[in-house]
Amino acid sequence: MMLKLVRTNSEHSDFIYLVKQLDAYLKVTDGDEHDFYNQFNNIDVIKNTIVAYFDNKPVGCGAFKKYNSHTVEIKRMFTISESREQGVASEILKALEDWAKELNYSVCILETGIRQVEAVHFYKKKSYKITPNYGQYKHVENSICFKKELINNEKGQ
């Protein structure tokens with residue numbers, strides 16, 4: 001099966017479909033804190049999204065939004081359960097990082113919950129380093145924030 005990645009925006013129907021599944025999953029894992037986290041996951045402010053397909057079926061998504069002039073925040077990373085462990089999230093994350101570099105960003109940051117054990121392991125495996133909690137997550141005990149410097153090979157940095 002060939003994985004196909006499509007760059008789009010938050011109005012794309014397959015992105016919206018996948019985000020609804022992500023939110024349902026997070027509602028269970030976040031428990032009582034879901035409403036707090038959910039307020040920061042409004043997709044109408046996200047312009048850069050990727051949807052992954054196996055055989056024209058949407059199986060995963062991810063996005064980023066501008067955080068500051070050199071940093072983007074990775075958002076809404078999700079792979080449907082039957083497509084996990086097949087490299088979908090890795091391909092989406094790499095594509096998001098590449099897209100951010102094309103737009104001259106040099107850093108990716110993200111937040112996940114400490115209960116999202118698979119996500120924490122995944123980001124560590126992808127060379128993201130734990131960083132002090134930022135922004136709205138600054139004093140949230142169950143949040144864990146990550147940061148990765150993007151290396152632009154064309155510029156030899």
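Annotations
- Pairing each residue of region 120-135 that is closer than 19 Å to Gly62 by Cα and of a type in the set (Gly, Ala, Ser) with any residue that is at pLDDT 95 or above and surrounded by 15 or more Cβ atoms within 10 Å (Cβ to Cβ), provided the two are 6+ apart or on different chains, yields C-beta distances under 9 Å for Ser127/Lys148.
- Candidate set: region 100-143, residues that are of a type in the set (S, T, N, Q) and outside any strand (DSSP E or B); chosen: the one nearest to Ser81 (Cα to Cα): Gln116
- Meets criteria (at pLDDT 95 or above, surrounded by 14 or more Cβ atoms within 10 Å (Cβ to Cβ), β-branched (Val, Ile, Thr) and within 19 Å of Ala24 (Cβ to Cβ)) for Val88: yes
- Residue selected from region 11-48 under the condition at pLDDT below 90 and not in a helix (DSSP H, G or I), by the criterion nearest to Lys94 (Cα to Cα): Ile46
Let's see how each residue does on (1) surrounded by 13 or more Cβ atoms within 10 Å (Cβ to Cβ); (2) modelled with pLDDT of 95 or more; (3) over 25 Å from Lys27 (Cα atoms):
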{"position": "Lys94", "(1), (2), (3)": "yes, yes, yes"}
{"position": "Ala100", "(1), (2), (3)": "yes, yes, yes"}
{"position": "Ser106", "(1), (2), (3)": "yes, yes, yes"}
{"position": "Arg115", "(1), (2), (3)": "yes, no, no"}
{"position": "Ile130", "(1), (2), (3)": "no, yes, no"}
{"position": "Tyr137", "(1), (2), (3)": "yes, no, no"}
{"position": "Glu141", "(1), (2), (3)": "no, no, no"}
{"position": "Phe146", "(1), (2), (3)": "yes, yes, no"}
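- Test result for Ala95, of a type in the set (A, V, I, L, M, F, W, C), in contact with a Ser or Thr (Cβ under 8 Å, 6 or more places away or on another chain) and within 22 Å of Asp14 (Cβ to Cβ): no
- Taken across region 49-61, residues that are outside any helix (DSSP H, G or I), of a type in the set (D, E, K, R) and either buried (at least 19 other Cβ atoms within 10 Å of the Cβ) or at pLDDT 95 or above (or both) do occur, with at least one present.
- Of the criteria (1) without any contact (Cβ under 8 Å) to a residue 60 or more places away in the chain; (2) in contact with a Cys (Cβ under 9 Å, 6 or more places away or on another chain); (3) assigned to a helix (DSSP H, G or I), which one Lys148 fails: (3)
The values are calculated or read from the model by the stated rules, or taken from the named source; none is laboratory data. As the structure is a prediction and not an experimental result, all values here were calculated from the model. Every residue, glycine among them, receives a Cβ derived from its backbone with ideal geometry; neighbour counts consider all protein chains shown.
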